[in-house]
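Asks: This is the structure, below, for whatever I ask next.
The values are calculated or read from the model by the stated rules, or taken from the named source; none is laboratory data. Remember, it's a predicted structure, so these values are computed and weren't measured experimentally. Methodologically, a virtual Cβ is constructed for each residue, glycine included, from the backbone with ideal geometry; neighbour enumeration extends over all protein chains shown. Heavy atoms of the whole protein, side chains included, go into the accessibility calculation; ligands, DNA and RNA do not. Shrake-Rupley method; radii C 1.70, N 1.55, O 1.52, S 1.80 Å.
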Amino acid sequence: MLPVAYYVGLSAILFIIGVVGVLTRRNAIIIFMSIELMLNSANLAFVAFARVHEAISGQIFVFFVMAVAAAEVAVGLALIVAIFHTKHSINVDNISSLKG
Amino acid sequence: MFLSEAVSGGPQFFYLAPWIVFFPVIGLLINIIFGSRFNEKVIGAIASTASGLAFVVAVLLGVSLIGHPEGEIVPLVDWITIGLLQGRWAFQVDTLSVTMMLTVTGVGTLIHIYSIGYMHDDVRHNGDPGRYRRFFVFLNLFIAMMMILVGSDNYLMLFVGWEGVGLCSFLLIGFWYDKGKDGIGNAIAAKKAFITNRIGDFGFLLAAFIMFWAFRSFNFQEVFAKAPEVAAIAPGAILAMTLFMLLGVTGKSAQLPLYVWLPDAMAGPTPVSALIHAATMVTAGVYLVARSAEIYILVPQAQMWVALVGGITALFAATIALAQFDIKKVLAYSTISQLGFMVAAVGMGAFVAGMFHLVTHAFFKALLFLSAGSVIQGIERGHHHVEHDPKLRKLIKGQAHDFDPQDMRNMGGLRRQMKITFIVYMIGTLALAGIPPLAGFWSKDEILAEAKLLNPSVYWLLTIAAFLTAFYMGRQILMVFFGKARSAPAEHAQESPLVVTIPLMILAALSLLGGALNLPWFHTFTHWLEHTLTFVHAGEFNLAVAGLSTGLAIVAIILAWLIYSRRYEALKDLPTAKRPDDPMRSYLGPVFSLLENKYYVDEIYQALILKPYSALARFLAQVVDWQFWHDWFHDTVIAGGFRLFTRLLAVRIDLGFIDAIGNYLGAITRGLASRMSLLQTGYVRTYALSILVGVVLMLGYLLLR
Amino acid sequence: MTFEFILFFVLALVAIISALGMVLSQNSVYSALFLILNLSTVAVFYLLLSAAFLAMVQVTVYAGAIMVLFLFVIMLLGAERLPGKAELLWQRPLAIALGLVLFVEAAYIFFFRSGVLPSMEIAEENFGSPELIGQILFNQYLLPFEVTSILLLVAMVGAVVLSRRTK
């Protein structure tokens, strides 16, 4: 059996990559996908701990996270499409009218 | 004497005492409130009735006193009650006060009746008929105030009346307040009277303060009872009190040095001169000394001073009267002189003689003044007649405005035109000169007899004054009624109406018969006054004194006749320019001018007292009050300092400091805000970055803990 | 060096590389494909961790439905390469720096603070089966389940509303 720390470490690395992706890219969809990556890494941590503690509620939680992620993606992408209709661009730097 | 035996225990009317004040007050109130609707006769009738009713009350009080000679105190109302100070208005009805009441109301009523006719002409001559009512209101007010004065039972109420008659004097002297020299001459004379009286009142007040301090009371009976023991402990207090009272007497009764108001008071209408300044108000001083007799006899030095003041004044005023040309001024100085007689009498201790002379003097001096008024109006009527007759107008060409109806040099020979006035004037003159058997002889002679016994120096002063009195009265009668008329109005003078002459006739009768009051063998008046002034004694008849005074009077009259009748005729031959207006001028020369100018006393007072006082007042008002106090202190120091202070507060502190704090806070906020707003880049990525920064930091902190 | 460890190591490498590829790729489609690969790898991990049901759900829902949705939108918007130059030039280095800091912190935790974690035991056979998940899900977690369904409904409605063209 692998120590659970390995899985948690992997989860952390994926999470960091996701964070850097959110902060670095200008493309709104790429940012969104980076967020999905972060969620995914959290799911991995959940499952790892569920396996260690023999608690099935960890996996239940992952189930719910996936459902919420799906809903969130639906709404988010609808938003991006709506913004694209107005601004004709998915560059998040263009959406800065709250400046100042 | 037997009157009191017959009526002893007789009817008592003491309770009527307050009505002697109330009747005149009611009269004046009716005239004030309703007078504008009445015509002149009704106004005069109301006033005279009020005065007459007061006289009736006085008579009834007198009748009561016959049965109950010790008199009674009739309290009316408690006025002041503060600790020891008890000021009560109560009437002390005794023989002394009833004597005064009878004199004042009796003569007063006659003068009221006289004024009905006199003022009718006077207001028309002076051009304002609307003032008729005011005159009678003031006359009634005077009677009321005089009754308060003589009827009170304590010095406090006496002073109330004292001040009240002073006020009435002022009001009546200044009756024609817009006439006189330069349009304010009468007002100035009234003011002079009031202020000079006030100096006397100041003396009276000081006496009252000392009295309260020594006796703790103002009541006559209490003070007189305690007087001997206080005199033993503190004789200085009694002396000071009596001397200050003397100051009050010199003010009110026109003695030296405060007599100067009386001659100027002739600016008032003639009835005023008769009533107030001859018969009644001026005698208040004599009454005061007589009333305070029990105090005066304890201090012989004060008595000597009183007698001296009276004697010197008598002589002094008589000399001035020799050289006066205004008919009323002569009578004014004569009044001062006769008051000197009275004051000297009560000063020496001859209280009965003084009061007797007071009563007879009231009769004949009032008579003389009223007759003088009749003469003046006769001349005015003549003047009016001449002015309006085209044939006679040319006679007074050029002297219309300056014509003085009171100047004796414009009169002469009036005995033909004004017969009744002449006869009564003659009676008055003889009474004043002291020719027996008229009233003046008996009263003046009693004074002289007492003076010979008590105070010889005063006796000689008074005798010389009596000689001069007869002389100047003879001069007056000769200048006015005898000889030829010296001016056109005098030629055409007319007699006065009956309403004027009838009071004159009554007064003349009183002057003839008044001596019966106290003939030396009956001493009616002495016994009457004995009940109040218990220590008086009956004066003896001194034939030598009587003979000397009568002889001097006759000599004086003959001398006057010689100078003013014979010599005057002789002087007629001189051309007009060199002819002196008075034969005495050629005899006495510069002395006559001195007498004519009243020894320049008024001018001396003006220079020594009034001018420095006005200068001081002006200095205090202009320099001290306005320039220093108001301009400098208030404006510069207080207001300026305040303004400086407010400017400091407003500019330095409020604007400079407090506003600066507010502005500074605002500036900081703005600076802070503008810097903070840089955080709001509008880029979502930066917001996310900041979250990450926070996470990193927190994680680091948790790890390193 | 057990088989499990090698497997884990390889798969971890694949996951990391695919993740990096997703983040660094300039082509959006390539990014999506890299993410699909990453998700699949994670599904294998689930299998290793006795979460069979979840592995299937991951492949079906996450990689199958969600990523397809992503691809649809990428195709729709036609965003291959973004025009314009980058603003906020300071952001990228800062983000990478912070990421590195975070990595260091994670490494620190991994090497020095992982002593508290319990070790894995042999799981029972039933663990992670649909049967067990179903039992727990519909008994204990019924309320969250129903709420999630409403959530999905709301999301659907929201998506429809948001993509309506305003007239």
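Asks: Quick one: count up the residues across segment C:106-126 that are within 22 Å of the chain's Cα centre (by Cα) and at the interface with another protein chain (Cβ under 7 Å from one of its Cβ atoms).
Replies: The qualifying residues number 2.
Asks: Out of the residues in segment B:179-216 that are in contact with a helix residue (DSSP H, G or I) (Cβ under 6 Å, 6 or more places away or on another chain) and assigned to a loop (DSSP other than H, G, I, E, B), which is least open to solvent (accessible area, probe 1.4 Å)?
Replies: Among them, the one singled out is B:Gly180.
Asks: A further question follows. Cβ contacts < 8 Å: first residue within 8 Å of chain C (Cβ to nearest Cβ) and at pLDDT below 95, restricted to segment A:26-40; second residue open to solvent by 30 Å² or more (accessible area, probe 1.4 Å) and not in a helix (DSSP H, G or I), any location; separation 6+ or different chain. Result?
Replies: So the pair list comes out as A:Arg26/C:Leu82; A:Arg26/C:Ala86; A:Asn27/C:Leu82.
Asks: Search segment C:41-51 for residues being open to solvent by less than 50 Å² (accessible area, probe 1.4 Å) and more than 7 Å from chain A (Cβ to nearest Cβ), and hand back the single one that is nearest to A:Asn27 (Cα to Cα).
Replies: C:Thr41
Asks: Being out of contact with any Ser or Thr (no Cβ under 7 Å at 6 or more places or on another chain), open to solvent by 10 Å² or more (accessible area, probe 1.4 Å) and not aromatic (Phe, Trp, Tyr) is the filter here; which residues of segment B:450-473 pass it?
Replies: Those that are out of contact with any Ser or Thr (no Cβ under 7 Å at 6 or more places or on another chain), open to solvent by 10 Å² or more (accessible area, probe 1.4 Å) and not aromatic (Phe, Trp, Tyr): B:Glu450, B:Lys452, B:Leu453, B:Leu454, B:Asn455, B:Pro456, B:Ser457, B:Leu461, B:Ile464.
Asks: Mind checking which helices (runs of 4 or more DSSP H) fall wholly inside segment B:284-383 and carry at least 1 residues that are crowded, with 24+ Cβ neighbours inside 10 Å and of a type in the set (S, T, N, Q)?
Replies: In segment B:284-383, B:300-321, B:327-348 are the helices (runs of 4 or more DSSP H) which contain 1 or more residues that are crowded, with 24+ Cβ neighbours inside 10 Å and of a type in the set (S, T, N, Q).
Asks: Which residue pairs have Cβ atoms under 8 Å apart, sit 6 or more places apart or on different chains, and have a first residue in segment B:683-694 that is more than 7 Å from chain A (Cβ to nearest Cβ) and a second that is surrounded by 18 or more Cβ atoms within 10 Å (Cβ to Cβ) and at pLDDT 85 or above?
Replies: Listed by first residue and then by second, the contacts come to B:Val693/C:Leu98.
Asks: Name the residues in segment A:57-66 that are at the interface with chain C (Cβ under 7 Å from one of its Cβ atoms) and open to solvent by less than 20 Å² (accessible area, probe 1.4 Å), would you?
Replies: Within segment A:57-66, A:Gln59, A:Ile60, A:Val62, A:Met66 meet the criteria.
Asks: Can you find even one residue in segment A:74-87 that is open to solvent by 30 Å² or more (accessible area, probe 1.4 Å), closer than 21 Å to C:Ala106 by Cβ and either among the aliphatic types (A, V, I, L, M) or in a helix (DSSP H, G or I) (or both)?
Replies: Among the residues of segment A:74-87, not one is open to solvent by 30 Å² or more (accessible area, probe 1.4 Å), closer than 21 Å to C:Ala106 by Cβ and either among the aliphatic types (A, V, I, L, M) or in a helix (DSSP H, G or I) (or both), which makes the answer no.
Asks: Condition (residue is open to solvent by less than 100 Å² (accessible area, probe 1.4 Å), farther than 30 Å from C:Ile96 by Cβ and within 60 Å of the chain's Cα centre (by Cα)) applied to segment B:644-655: is it met by at least one residue?
Replies: Looking for residues that are open to solvent by less than 100 Å² (accessible area, probe 1.4 Å), farther than 30 Å from C:Ile96 by Cβ and within 60 Å of the chain's Cα centre (by Cα), one finds at least one in segment B:644-655, hence yes.
Asks: Quick check on segment C:13-40: of everything there that is small (Gly, Ala, Ser) and more than 9 Å from chain A (Cβ to nearest Cβ), which residue is surrounded by the most Cβ atoms within 10 Å (Cβ to Cβ)?
Replies: Looking at residues that are small (Gly, Ala, Ser) and more than 9 Å from chain A (Cβ to nearest Cβ), I get C:Ser18.
Asks: Could you look through segment C:88-105, keep only residues that are closer than 21 Å to C:Ser25 by Cβ and modelled with pLDDT under 85, and pick out the one that is farthest from the other protein chains (Cβ to nearest Cβ)?
Replies: This residue is C:Leu89.
Asks: Let me ask you something else. Which of (1) modelled with pLDDT of 90 or more; (2) touching a helix residue (DSSP H, G or I) at 6+ places or on another chain (Cβ under 7 Å); (3) surrounded by fewer than 22 Cβ atoms within 10 Å (Cβ to Cβ) is the odd one out, the single condition B:Trp176 does not satisfy?
Replies: So the condition that B:Trp176 fails would be (1).
Asks: While we're on this one: Contact list please: Cβ distance under 8 Å, first residue in segment A:1-21 and at the interface with chain C (Cβ under 7 Å from one of its Cβ atoms) and part of a helix (DSSP H, G or I), second residue hydroxyl-bearing (Ser, Thr, Tyr) and open to solvent by 10 Å² or more (accessible area, probe 1.4 Å), pairs at least six apart or on different chains.
Replies: A:Val4/C:Ser119; A:Ala5/C:Ser114
Asks: When you go through C:Gly134, C:Gly158 one by one, which is the residue that is touching a helix residue (DSSP H, G or I) at 6+ places or on another chain (Cβ under 7 Å) and open to solvent by less than 60 Å² (accessible area, probe 1.4 Å)?
Replies: Step by step, each of C:Gly134, C:Gly158 is checked, and only C:Gly158 is touching a helix residue (DSSP H, G or I) at 6+ places or on another chain (Cβ under 7 Å) and open to solvent by less than 60 Å² (accessible area, probe 1.4 Å).
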